[in-house]
Amino acid sequence: MERKYAKLIPIPYGIRKAASPSRERSVHSSRRRIAYLSLALLACIVCIFFISGSIAERSAHIPPDYSMSDLTGILSGSTLTGNDYKTLYYQAGLGKPAVDALLAKGAAGRQEILEIQQAFFDPVQYECTWNSPISKEEHAIGPDGYWRPDTKLAPLEDGDILITKNSHIGGWRNGHAALVVDAETETTLESVVIGRNSKTQDYDKWRTFPSFLVLRLKDTPREERAAIARSAMDNLNDIPYFFPAGILSPKYQPPGSVTGTHCSHLVWLAYFHFGYDLDSDSGMIVTPKDIANSPLLEIVQIYGVDPDSPWP
């Protein structure tokens, strides 16, 4: 027997059955939940960013946890022993190169050591301000609220490296680094901030940081360190700021072909062009902390950090 089948007639799209109100409410409810969760997550990230930043600001300056001593006996002697240099380091934050340079100035240099010692122990007032859309930095301030030098810098030489912990993104102290390119005119070369090319600056800013380190390449003639500084001026001045250097661009770029850099990368490149690798952990990105912990460098001066562990 022949079977008969009902003819299927397609329903025009415009008159198909609409979704049920309950389903529409469910879809809208899911979207609202996703939006609320996204906003809550963003709020948590922002809170963590600002809270961790506030905590980080408390460590902008670390004062000595021991008493100030009388240095006049040590400074009046004709020669210094190893223990004398150790005492001067813990009492004034001065390494052997700085002590020798100051003592070579006679009575004026001895007085400078005592002034640096006093500043090493004096309390510090500082403020934290934005230096870019994502980072802040601390500077010492006087009673009038303006930035002021909080201590003296020891005598510097061309090629010396300046490091500070006083820059942070949230709770991460990324720090800042600079290269001394002309000690006579107190000039540094720095890759300062996102959106600006590297440029020369003077020492004034560094005198206002609540903490810093002055480092020098060990066992290297002064002339070679000066040559490194001159090469940096020829090859690393007026270079665009590029934080991902080492990840989105080669970490090493030959002289004359550098397309982007940042503060510590600039210092690292200046020395790497001469065969010195100052990156203590040999990572893809070099940071101020990596340079601060380089075994190739010696301390000229520290301020506002733990003498036993300047940047742990």
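Being surrounded by fewer than 20 Cβ atoms within 10 Å (Cβ to Cβ) and of a type in the set (Asp, Glu) is not true of ASP160. Taking the criterion of being within 27 Å of SER54 (Cβ to Cβ) and open to solvent by less than 10 Å² (accessible area, probe 1.4 Å), the residues of the stretch 168-189 that qualify are HIS168, GLY170, GLY175, ALA177, ALA178.
Here the stretch 83-113 is the region considered, the condition is being open to solvent by 60 Å² or more (accessible area, probe 1.4 Å) and part of a loop (DSSP other than H, G, I, E, B), and the residue that is farthest from ILE299 (Cα to Cα) is LYS105. The test for being among the hydrophobic types (A, V, I, L, M, F, W, C), open to solvent by less than 20 Å² (accessible area, probe 1.4 Å) and part of a strand (DSSP E or B) does not hold for ALA154.
Please verify whether GLN125 is within 30 Å of ILE194 (Cα to Cα), at pLDDT 90 or above and either surrounded by 13 or more Cβ atoms within 10 Å (Cβ to Cβ) or in contact with a strand residue (DSSP E or B) (Cβ under 6 Å, 6 or more places away or on another chain) (or both), treating the condition exactly as stated. Considered against the rule, which asks whether it is within 30 Å of ILE194 (Cα to Cα), at pLDDT 90 or above and either surrounded by 13 or more Cβ atoms within 10 Å (Cβ to Cβ) or in contact with a strand residue (DSSP E or B) (Cβ under 6 Å, 6 or more places away or on another chain) (or both), GLN125 comes out as yes. Evaluation of PHE209 against the conditions (1) assigned to a loop (DSSP other than H, G, I, E, B); (2) open to solvent by less than 10 Å² (accessible area, probe 1.4 Å); (3) within 15 Å of VAL267 (Cα to Cα); (4) of a type outside the set (Asp, Glu) shows that the sole unmet condition is (3).
Note on the stretch 174-206: residues that are within 22 Å of ALA140 (Cβ to Cβ) and modelled with pLDDT of 95 or more total 12. Exactly one of these conditions fails for LYS136: (1) surrounded by fewer than 17 Cβ atoms within 10 Å (Cβ to Cβ); (2) within 27 Å of the chain's Cα centre (by Cα); (3) among the basic types (Lys, Arg). Give me its number. With respect to (1) surrounded by fewer than 17 Cβ atoms within 10 Å (Cβ to Cβ); (2) within 27 Å of the chain's Cα centre (by Cα); (3) among the basic types (Lys, Arg), LYS136 is out only on (1).
Looking only at the stretch 220-240, decide whether some residue is hydroxyl-bearing (Ser, Thr, Tyr) and in contact with a Lys or Arg (Cβ under 9 Å, 6 or more places away or on another chain). Looking through the stretch 220-240, none of the residues is hydroxyl-bearing (Ser, Thr, Tyr) and in contact with a Lys or Arg (Cβ under 9 Å, 6 or more places away or on another chain). Entry remark, the stretch 129-145: residues being part of a strand (DSSP E or B) and either within 12 Å of ILE169 (Cβ to Cβ) or modelled with pLDDT of 95 or more (or both) number 7 in total.
Residues are listed down the side, and each one gets a yes or a no for (1) open to solvent by less than 60 Å² (accessible area, probe 1.4 Å); (2) in a loop (DSSP other than H, G, I, E, B); (3) out of contact with any His (no Cβ under 9 Å at 6 or more places or on another chain):
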| site | (1), (2), (3) |
| --- | --- |
| THR220 | yes, yes, yes |
| ALA229 | yes, no, yes |
| MET233 | no, no, yes |
| ILE239 | yes, yes, yes |
| PRO255 | no, yes, no |
| SER264 | yes, no, no |
| MET284 | no, yes, yes |
| ILE291 | yes, no, yes |
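The values are calculated or read from the model by the stated rules, or taken from the named source; none is laboratory data. Since we're looking at a predicted model, the values are computed, not measured. Neighbour counts run over all protein chains shown; Cβ positions are idealised from the backbone, glycine included. To get the accessible areas, we keep the full protein, side chains included, count just its heavy atoms, and leave off ligands, DNA and RNA. Shrake-Rupley method; radii C 1.70, N 1.55, O 1.52, S 1.80 Å.
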